[in-house]
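Structure first, commentary second.
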Amino acid sequence: MERATTRYTMASPSGTYVPRSIVGALILIVTGGVFLLRNFGYSIPLFHFHYFVIYWPLLLVLVGLVRLTEYFAARRGQRPMPQMGFGTVFLLVVVTVAGVGLSAAFRGREQLNWGSLHDNVEIDDDLMHLFGKEYTYTGEITQQIPAGGSVRVNCDRGNITVNSWDQSTVKVVYQKRIFARSQSEADKTNQSTAPRLHAQGSKVDLQANTEGAGRKGVAANLEIYVPAKANLEVTGRRGDIAVSQRTADVKISSQHGDVTLDQVTGNVNVSTQKGSLRASNLTGSLTVDGRLDDLVVDTVSGTVTITADMFGETQLSKLNRGVVIHTSRTDLQLAKVDGNLTMNASDLQGDGLQGPILLSAKSKDVTLRNFAGDVRINDDQGNINLESTSLALGSLDLTTHHGDVHLRLPAKANFQYQLVTRHGEISSDFEGVRPEGGHGNSSATGTVGRGGVKINITSDAGDIAIFKTEGTPQSQPVMPEPPAKPGKPRRPGKKVGDIDVM
């Protein structure tokens, strides 16, 4: 017995075991239990945002109580005090910093501009309920407008819909959404944010006045009735804008929201920073600039000019005059779109385009069918595929620095060709096209049939192939007429061609 005691006394200096605190384990158990209960459909009020920003210090209190219990237990048993690991300390620091920041924001919510935060950080409307209950107010105001007058609309937050009618007045039907802690507070905010409609000379000005009460969360949806012949200018910071059945010019500026235009006779100018645009049945010209998600343009009689970065899909159809598109990765000019054109970040496809067609693109596959007129394409990286069933060809100048070029022409087509690939092969269904060179460098020059239009194709790294289209060329029965078609758009095409896209 004495020998065993001596062994214990000698072994103790060799190392001291320091136990770990159970704080980290308790935090994991509580957190995991809460999420498990939520997965089963149970709601824990304490972990709602509103309660967390108020009662989060209870976590520190509970940790302190656990540490006190561990201290007295260690003292009673004459054992070392349990230590907290780095992970537990780090978690407590994160919770403390987050709790202090959220509590400060919650206490200062009256001074914080939630409307601006909602607009710029894209807070969902449902989250605004955390700062009060939603109250709805409706109303209607009118204002006389002189003949030949114009209307200007400004709304910071809310949807704007402009309708046409034959009255000599401007009517506004509005619906406001206000977030407040009580009915009395909402009523006070409503009185301070009444829309303002007044006339100054021949101009009528409408202000949604959503910030009339200061830094409050107010949104106003406006439905406006304006004489069809009045020029219109609409500015919206956050919300969708819809304009239809106008016989005068329209100017729209949207910071965040979708824009819809339909049946407008005058010229249209749209500037947007985030959102999609859909324009259809326009008689005048369309000018677009800024940043876009999706773009859909259908049936426009005037010119279409788009200078914008587009992050979604572009769809164009039935555009009767010159088209100019300029983005950070694509420059496109053409005289007319009889069919359709679709474009996204990696592809451009067109069917029924009228030339001259000038295209400069980066990292984009290009496919054109049933085109007419001259075509010049310079693609930094991507495949080029062209197919025509018409004998009325224009000159083709196709260049890709990294990609294949495939050209499909009618079996009876007549053309001169010059084909060059530095790292690829040349092949053709047409007799007489014989490539020269080797070791990846190939070229071919010559004439097919009676000659005629010039076809120049160059690929730095890719194959070149010219195929015969199957079937009878669609323009063969009426050969005298097709050559005249590409000539008609050349007048607007020259105007478009003044801009160098290369």
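Does region 218-228 contain at least one residue that is assigned to a loop (DSSP other than H, G, I, E, B), closer than 21 Å to Asp166 by Cβ and out of contact with any Asp or Glu (no Cβ under 9 Å at 6 or more places or on another chain)?
Looking only at region 218-228, we keep the residues that are assigned to a loop (DSSP other than H, G, I, E, B), and these are 228.
Checking which are closer than 21 Å to Asp166 by Cβ leaves us with 228.
When the remaining residues are screened for being out of contact with any Asp or Glu (no Cβ under 9 Å at 6 or more places or on another chain), the result is none.
Looking through region 218-228, none of the residues is assigned to a loop (DSSP other than H, G, I, E, B), closer than 21 Å to Asp166 by Cβ and out of contact with any Asp or Glu (no Cβ under 9 Å at 6 or more places or on another chain).
Return the residues of region 190-215 that are touching a Phe, Trp or Tyr at 6+ places or on another chain (Cβ under 8 Å) and under 15 Å from Arg238 (Cβ atoms); say none if nothing qualifies. Break it down stepwise before answering.
Here is the first cut: in region 190-215, the ones touching a Phe, Trp or Tyr at 6+ places or on another chain (Cβ under 8 Å) are 190, 195, 208, 215.
Within region 190-215, Ala208 is the sole residue that qualifies.
State yes or no: is Arg376 charged (D, E, K, R) and closer than 23 Å to His402 by Cβ? Spell out the reasoning first.
Details: charged (D, E, K, R): yes; closer than 23 Å to His402 by Cβ: yes.
Here the answer is yes, as Arg376 does meet what is asked.
Identify, by number, the condition in (1) touching a Gly at 6+ places or on another chain (Cβ under 9 Å); (2) among the small types (Gly, Ala, Ser); (3) without any contact (Cβ under 8 Å) to a residue 24 or more places away in the chain that Gly239 doesn't meet.
Exception for Gly239: condition (3).
In the list Val496, Val453, Val448, which residue meets the criterion of being modelled with pLDDT under 75 and in the same structural domain as Asp374 (by TED's automatic domain parsing)?
Details: Val453 fails: modelled with pLDDT under 75; Val448 fails: modelled with pLDDT under 75.
So the residue among Val496, Val453, Val448 that is modelled with pLDDT under 75 and in the same structural domain as Asp374 (by TED's automatic domain parsing) is Val496.
Within region 389-408, identify whether any single residue is in contact (Cβ under 8 Å) with a residue 40 or more places away in the chain, outside any strand (DSSP E or B), closer than 21 Å to Gly449 by Cα and of a type in the set (S, T, N, Q), and answer yes or no. Give the steps one after another, and end with the answer.
Kept after step one, since they are in contact (Cβ under 8 Å) with a residue 40 or more places away in the chain, are these residues of region 389-408: 389-408.
Among the residues that remain, those that are also outside any strand (DSSP E or B) are: 389-392, 401-404.
Those left that are additionally closer than 21 Å to Gly449 by Cα: 389-392.
Among the residues that remain, those that are also of a type in the set (S, T, N, Q) are: 389-390.
Yes: one or more hits.
Please specify each residue of region 303-320 satisfying the condition of being buried (at least 18 other Cβ atoms within 10 Å of the Cβ) and under 13 Å from Leu334 (Cα atoms). Please lay out each step first, then the result.
First pass over region 303-320, keeping only residues buried (at least 18 other Cβ atoms within 10 Å of the Cβ): 303-306, 308, 310, 314, 316-317, 319-320.
Within region 303-320, Thr303, Val304, Thr305, Ile306, Leu316, Ser317, Leu319, Asn320 qualify.
What's the number of the condition Val204 fails, among (1) at pLDDT 95 or above; (2) crowded, with 17+ Cβ neighbours inside 10 Å; (3) over 15 Å from Ser168 (Cα atoms)?
Just one mismatch for Val204, condition (3).
Counting only residues that are in a strand (DSSP E or B) and without any contact (Cβ under 8 Å) to a residue 60 or more places away in the chain, which one in region 363-373 is surrounded by the most Cβ atoms within 10 Å (Cβ to Cβ)?
Here is the first cut: in region 363-373, the residues in a strand (DSSP E or B) are 365-369, 372-373.
Within this subset, residues satisfying the condition of being without any contact (Cβ under 8 Å) to a residue 60 or more places away in the chain are 365-369.
Numbers: Asp365: 18, Val366: 24, Thr367: 16, Leu368: 22, Arg369: 16.
Once the filter is applied, the top-ranked residue is Val366.
Regarding region 382-396, can at least one residue be identified that is in contact with an Asp or Glu (Cβ under 6 Å, 6 or more places away or on another chain) and under 29 Å from Gly275 (Cβ atoms)?
Going residue by residue through region 382-396, those that are in contact with an Asp or Glu (Cβ under 6 Å, 6 or more places away or on another chain) are 382-383, 394-395.
Add one more test, that the residue is under 29 Å from Gly275 (Cβ atoms), and what stays is 382.
Scanning region 382-396, I find at least one residue that is in contact with an Asp or Glu (Cβ under 6 Å, 6 or more places away or on another chain) and under 29 Å from Gly275 (Cβ atoms), so the answer is yes.
In region 374-399, which residue that is closer than 18 Å to Asn456 by Cβ and of a type in the set (Ser, Thr, Tyr) is surrounded by the most Cβ atoms within 10 Å (Cβ to Cβ)?
Residue satisfying both the conditions and the ranking: Ser388.
I'd like to verify a number: residues in region 154-179 that are part of a strand (DSSP E or B) and more than 26 Å from the chain's Cα centre (by Cα), how many? First the steps, then the outcome.
Looking only at region 154-179, we keep the residues that are part of a strand (DSSP E or B), and these are 154-157, 160-165, 169-179.
Applying the additional criterion that residues be more than 26 Å from the chain's Cα centre (by Cα) yields 163-165, 169-179.
Result for region 154-179: 14.
So which residues in region 283-305 are within 15 Å of the chain's Cα centre (by Cα), of a type outside the set (D, E, K, R) and farther than 10 Å from Val268 by Cα? Even if it seems obvious, please write down each step before you answer.
Going residue by residue through region 283-305, those that are within 15 Å of the chain's Cα centre (by Cα) are 288-296.
Then keep just the ones that are of a type outside the set (D, E, K, R); that gives 288, 290, 292, 295-296.
If the condition is that a residue be within 15 Å of the chain's Cα centre (by Cα), of a type outside the set (D, E, K, R) and farther than 10 Å from Val268 by Cα, then Gly290, Leu292, Leu295, Val296 are the ones that fit.
Quick one: count up the residues across region 456-468 that are surrounded by 17 or more Cβ atoms within 10 Å (Cβ to Cβ) and either aromatic (Phe, Trp, Tyr) or not in a strand (DSSP E or B) (or both). Explain how you work it out, then say what you get.
Of all residues in region 456-468, those surrounded by 17 or more Cβ atoms within 10 Å (Cβ to Cβ) come to 457-459, 462-466.
Going one step further and asking which of them are either aromatic (Phe, Trp, Tyr) or not in a strand (DSSP E or B) (or both), we end up with 462-463.
So the answer is 2.
Which members of region 270-288 meet the condition of being surrounded by fewer than 17 Cβ atoms within 10 Å (Cβ to Cβ) and part of a strand (DSSP E or B)?
Scanning region 270-288 gives Arg278, Asn281.
Can you name the residue in region 402-426 that is of a type outside the set (A, V, I, L, M, F, W, C) and over 27 Å from Lys362 (Cβ atoms) and, of all such residues, is surrounded by the fewest Cβ atoms within 10 Å (Cβ to Cβ)?
Residue satisfying both the conditions and the ranking: Lys412.
Give me a count of the residues in region 57-73 that are farther than 25 Å from Gly99 by Cβ and in contact (Cβ under 8 Å) with a residue 24 or more places away in the chain. Step through it out loud before you land on a result.
Going through region 57-73, the residues farther than 25 Å from Gly99 by Cβ turn out to be 72-73.
From the residues that got through so far, the ones that are in contact (Cβ under 8 Å) with a residue 24 or more places away in the chain too are none.
So the count comes out to 0.
Could you grab me the full set of residues in region 289-305 that are assigned to a strand (DSSP E or B) and closer than 21 Å to Thr247 by Cβ? So that I can check it myself, show each step before the final result.
Keep residues of region 289-305 that are assigned to a strand (DSSP E or B), which gives 289-292, 295-300, 304-305.
Once the filter is applied, which keeps residues that are assigned to a strand (DSSP E or B) and closer than 21 Å to Thr247 by Cβ, region 289-305 yields Val297, Asp298, Thr299, Val300, Val304.
The values are calculated or read from the model by the stated rules, or taken from the named source; none is laboratory data. Values in this document were obtained by computation on a predicted structure and should not be read as measured data. Note: ideal-geometry Cβ built from the backbone for every residue, glycine included; neighbour counts use all protein chains shown.
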